[in-house]
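What follows is one structure encoded as structure tokens, with my remarks underneath.
The values are calculated or read from the model by the stated rules, or taken from the named source; none is laboratory data. As the structure is a computational prediction, the values presented were derived from the model and not from experiment. Cβ sites come from the backbone with ideal geometry, for glycine too, and all protein chains shown count toward neighbours. Just so you know, the surface numbers come from the protein's heavy atoms only, side chains and all, with ligands and any DNA or RNA stripped out. Shrake-Rupley method; radii C 1.70, N 1.55, O 1.52, S 1.80 Å.
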Amino acid sequence: MSERELRERIAMHGQSLFDRGFTCGSSGNISVRLPDGILVTPTNVCLGRLDPDRISKVKWDGTLAAGDKPSKEAVLHLSMYRSREKDDAIVHLHSTYSVAVSCLPDIDSANVLPALTAYYVMRVGTLPMLPYFPPGDEKLAAEVERAALGAHAVLLANHGPIVAAADLDKAVYATEELEETAKLYLLLRDRAPRCLTDEQCRELHQRFPS
């Protein structure tokens, strides 16, 4: 896919996520990998109103190569790409249910959400949660880079999810699945829901390897 096509696809997915309430205001950011850096959504721009020509192009050293000033969270994307060499797209949202889960005091930070559905297991799998840091903090970027060595989706405490995948479509689908599972978890957490067993999860990974 050409750089122009990737720019248009970022704008398309941004508008879709915004229109369906997965993000609001100017929150959230999307990126895709290029040979010489990344395309990432600009700072203070609503994902529902992205101009493909103004999407930021950032070099691997963090400097701006083209487009508007990048999101301050571009550093998180660059860090995650360093650990996810086979992943070419990242979605980071402040989606309501995922953020709500990230604010709970009594969750397992090694793997936040239970295996409620097959599609969550296939598209997300393990979801570690990192401690709170201010947005754009370099310490958070370092934590994301470390956590991403073992998981392609990470939840940031009191902040939101960041999800990497092989391409942008898959990153968006995984992020949506994570948000829906967070919603299910909040609906069911006081009712001892029936989860998939470890054996059922292993079977899914064998039948549908990522």
Compute the distance from the alpha-carbon center of the stretch 116-156 to that of the stretch 184-210, in whole Å. 18
Looking at 96, 71, 81, which one has the Cα that reaches farthest to the positive end of the dipole of the stretch 69-111 (charges on Cβ: Lys, Arg +1; Asp, Glu -1)? 71
Carbon and sulfur: what percent of the stretch 52-127's accessible surface (1.4 Å probe)? 49
Once you keep just the Cα pairs under 8 angstrom separated by 6 or more residues, what percentage relative contact order results for the stretch 112-210? 39
Cα extents of the stretch 1-100 along the three principal axes, largest first (Å): 33, 27, 23
In Å², and per residue, what accessible area does the stretch 133-203 have when probed at 1.4 Å with the other protein chains present? 52
Evaluate E = 1/(1 + (r/R0)^6) for residue 3 and residue 126, where r is the Cβ-Cβ distance and R0 equals 45 Å; express this FRET efficiency to the nearest 0.05. 0.90
Residues of the stretch 3-81: accessible area per residue at 1.4 Å, in Å²? 44
Residue by residue through the stretch 66-80, what is 3J(HN,Hα) from phi via Karplus (6.51 cos²θ - 1.76 cosθ + 1.60, θ = phi - 60°)? Round to whole Hz and write x for glycine and proline. 6, x, 6, 4, x, 3, 5, 8, 4, 4, 5, 5, 4, 5, 5
Within the stretch 63-93, list the trypsin sites (Lys or Arg not before Pro) lying in a DSSP loop whose Cβ has at most 13 other Cβ atoms in a 10 Å radius. 86
DSSP loop trypsin sites (Lys or Arg not before Pro) in the stretch 8-52 with at most 16 other Cβ atoms within 10 Å of their Cβ, which ones? 20
May I ask you to derive the FRET efficiency for residue 44 and residue 12 from their Cβ-Cβ distance with R0 = 25 Å, giving the value to the nearest 0.05? 0.75
In cubic angstrom per residue, the convex hull of the chain built on its Cα atoms measures 110
Where the only charges are on Cβ atoms (+1 Lys, Arg; -1 Asp, Glu), what is the dipole of the chain about its Cα centre, to the nearest 20 debye? 100
Percent of Cα pairs exceeding the 23 Å cut-off, where the set is the stretch 123-210: 31
C-alpha center-to-center spacing [the stretch 1-59, the stretch 65-98] in angstrom: 10
